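What follows is a set of notes on a single structure, which appears directly below.
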Amino acid sequence: METGWPESESSRRFGVLFAGLGAISTTLIAGVEAIKRGLAQPVGSVALLGTLDVDPEGDPRHVRIRDYLDLPDLDDLVFGAWDIVDTDGYAVARQARVLEPDLLDSLTHELAAVRPWPGVFDPRFNRRGPVTFAKTGRDFLDLAEQVQQDILRFHEAHGLERSVVMWCGSTEAYLEPAEAHQTLAGFEAAMRDSDHAVVAPSMIYAYAALSLGLPFVNATPSRTVDIPALVELAQLHGAPTAGKDLKTGQTLLKTIVAPGLRDRMLGLEGWFSTNILGNGDGATLNDPDAFRTKQESKLSVLSSILRPDLYPDLYGHLHHQVKINYYPPRGDNKESWDTIDLFGWLGYRMSIKIDFLCRDSILAAPLMLDLALFMDLAKRAGLAGPQDWLGFYFKSPMTSTGQPPEHELSVQAAVLRRELRALVPVPMAAPVPPRVA
Ligand SMILES: NC(=O)c1ccc[n+]([C@@H]2O[C@H](COP(=O)([O-])OP(=O)(O)OC[C@H]3O[C@@H](n4cnc5c(N)ncnc54)[C@H](O)[C@@H]3O)[C@@H](O)[C@H]2O)c1
């Protein structure tokens with residue numbers, strides 16, 4: 001197929017840089033290497049397995065998304081990472097206990113090659129210390145500059161011109177919106193003052209990446225890039241952003257089931273959601289401040305789908321509760337239960353139980369892969385700021401207008417496909433300038 005994308009091999013390759021080398025990032029790296037060897041299929045990846053009807057007005061003509069958009073191959077992805085633990089991808093993946101040891105042993109070389117750079121850490125946002133593998137510097141701007149140097153050195157070492165940076169570190173303690181988040185000037189002043197009360201470590205990675213014009217993804221519920229100051233920075237440097245909090249297990253099902261109940265005009269009295277989870281994420285969420293960040297992200301979906309403002313008799317008195325319990329025996333194999341108390345004709349009560357025995361990082365890895373490929377695409381197509389069309393991937397999608405997001409999965413999927421169909425190949429953006437903040 002004739003496309004306008006650049007053809008040279010070096011222009012197809014790009015970096016995928018994880019701030020946080022944990023369960024989801026190592027599950028993605030191991031999966032990509034296994035798929036490259038033909039050991040598995042990229043199940044769960046819309047970018048690699050999905051198709052588009054490219055002529056919706058005419059006869060159906062389904063084309064694979066990866067072909068239509070001439071997406072880079074898995075061989076074109078080069079991985080790097082930051083963490084606050086001096087480790088490597090193999091050790092992390094073994095400890096995470098997501099994938100079978102035999103599979104990981106066969107990928108030792110590729111996984112162990114990913115050794116993190118020291119991260120940006122602040123004990124006020126993550127109480128799991130003590131941490132010694134972290135950057136130190138004059139102020140937060142200095143730390144951001146060090147992150148940029150890591151990126152530029154990585155580009156030079158691998159002959160790359162671009163990367164997508166993904167925040168997938170531990171959920172940070174809840175951070176209230178602040179005045180300094182409103183404008184770039186105010187935010188930079190807080191960075192210079194190293195104001196811990198308003199600048200979280202994940203924001204420093206975001207600031208560093210966006211200042212270089214690189215796409216930035218927030219896979220976590222933390223506020224991170226979802227503040228006006230960093231949206232301003234993203235627009236200024238032509239960098240796409242996306243977040244927050246990958247929509248993997250319980251919330252994914254909620255945004256599939258709730259629209260169906262609403263479409264049938266069935267009423268809801270209560271939706272009680274609870275989880276047991278024993279991975280690193282679960283341990284972090286044992287901290288009430290980190291859980292508050294997560295809870296905010298998980299609670300928002302139902303009211304936007306059910307529209308109690310339009311249907312007060314059906315949804316005006318809904319009790320929606322979400323709990324997460326850290327339960328080590330389960331590791332990454334989370335179990336989520338939902339009890340949905342509904343009512344039908346003449347108010348007669350019924351109940352639905354959902355017991356989802358899921359695997360957190362197995363569900364998250366293909367979302368991260370799609371986001372890496374689509375955010376790179378967005379950058380090459382000249383898009384900047386929050387990418388609403390990627391709301392499909394998130395529990396709490398960022399929007400470019402600041403308006404409440406769409407949560408209904410089928411609507412989000414339609415928006416994603418419409419945008420992919422419309423994306424016109426353009427020449428790749430200019431290389432990242434070798435300049436720091
Ligand atoms: N797994 C899922 O399905 C899923 C879904 C949605 C969101 N998330 C979010 O993704 C994030 C990662 O999840 P995970 O399961 O990989 O967790 P994990 O605990 O396995 O990994 C997190 C990693 O981040 C590192 N880290 C912590 N603070 C850091 C910092 N300031 N800089 C760099 N690294 C730092 C930790 O040392 C750890 O290696 C969490 O915030 C989680 O809430 C995960």
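Residue-by-condition table, conditions (1) away from the ligand (no atom under 16 Å from the Cβ); (2) free of Cβ contacts under 8 Å to residues at least 40 places away in the same chain; (3) within 30 Å of residue 279 (Cβ to Cβ); (4) surrounded by fewer than 19 Cβ atoms within 10 Å (Cβ to Cβ):
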{"site": "154", "(1), (2), (3), (4)": "no, no, yes, yes"}
{"site": "162", "(1), (2), (3), (4)": "yes, no, no, no"}
{"site": "166", "(1), (2), (3), (4)": "no, no, yes, no"}
{"site": "174", "(1), (2), (3), (4)": "no, no, yes, no"}
{"site": "182", "(1), (2), (3), (4)": "yes, no, no, yes"}
{"site": "201", "(1), (2), (3), (4)": "no, no, yes, no"}
Per-region count, region 234-243, residues part of a loop (DSSP other than H, G, I, E, B) and surrounded by 24 or more Cβ atoms within 10 Å (Cβ to Cβ) | 2
Considering 323, 334, 353, which residue is without any contact (Cβ under 8 Å) to a residue 24 or more places away in the chain and more than 18 Å from the chain's Cα centre (by Cα)?
-> 353
Lone qualifier among 54, 92 - being more than 16 Å from the ligand (Cβ to nearest atom) and either of a type in the set (Val, Ile, Thr) or modelled with pLDDT of 95 or more (or both) | 54
How do the strands (runs of 3 or more DSSP E) wholly within region 17-114 filter down when requiring 3 or more residues that are over 23 Å from the mean Cα position of the chain (by Cα) and more than 26 Å from residue 159 (Cα to Cα): which remain?
-> 62-64
For region 259-293, enumerate the residues that are outside any strand (DSSP E or B), away from the ligand (no atom under 11 Å from the Cβ) and in contact (Cβ under 8 Å) with a residue 60 or more places away in the chain.
-> 259, 261, 266, 287, 289, 292
Which residues, counting only those in region 11-64, are in contact with a helix residue (DSSP H, G or I) (Cβ under 7 Å, 6 or more places away or on another chain), of a type in the set (Val, Ile, Thr) and free of Cβ contacts under 8 Å to residues at least 24 places away in the same chain?
-> 51
Do we find a residue being over 26 Å from residue 376 (Cα atoms), touching a helix residue (DSSP H, G or I) at 6+ places or on another chain (Cβ under 9 Å) and in a helix (DSSP H, G or I) anywhere in region 150-173?
-> no
Kindly provide the set of residues from region 244-273 that are of a type in the set (Val, Ile, Thr) and crowded, with 22+ Cβ neighbours inside 10 Å, ordered by number.
-> 248, 251, 255
Among the residues of region 68-89, is there at least one that is touching a helix residue (DSSP H, G or I) at 6+ places or on another chain (Cβ under 6 Å), within 12 Å of the ligand (Cβ to nearest atom) and farther than 17 Å from residue 376 by Cα?
-> yes
Subset of region 343-382 [more than 13 Å from the ligand (Cβ to nearest atom), under 21 Å from residue 219 (Cα atoms) and in contact with a helix residue (DSSP H, G or I) (Cβ under 7 Å, 6 or more places away or on another chain)] | 369, 370, 373, 374
Just a yes or no: is a residue in region 354-374 farther than 16 Å from residue 276 by Cβ and in a strand (DSSP E or B)?
-> no
List, please: which pairs have Cβ atoms under 8 Å, are six or more places apart or on different chains, and start with a residue in region 121-147 that is more than 12 Å from the ligand (Cβ to nearest atom) and end with one that is basic (Lys, Arg)?
-> 139/192; 140/192; 141/192; 146/135
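The values are calculated or read from the model by the stated rules, or taken from the named source; none is laboratory data. If you're wondering where the values come from, they're calculated on a predicted model, not measured in any experiment. Counting neighbours? That spans all protein chains shown, and the Cβs are built from the backbone with ideal geometry, glycine included.
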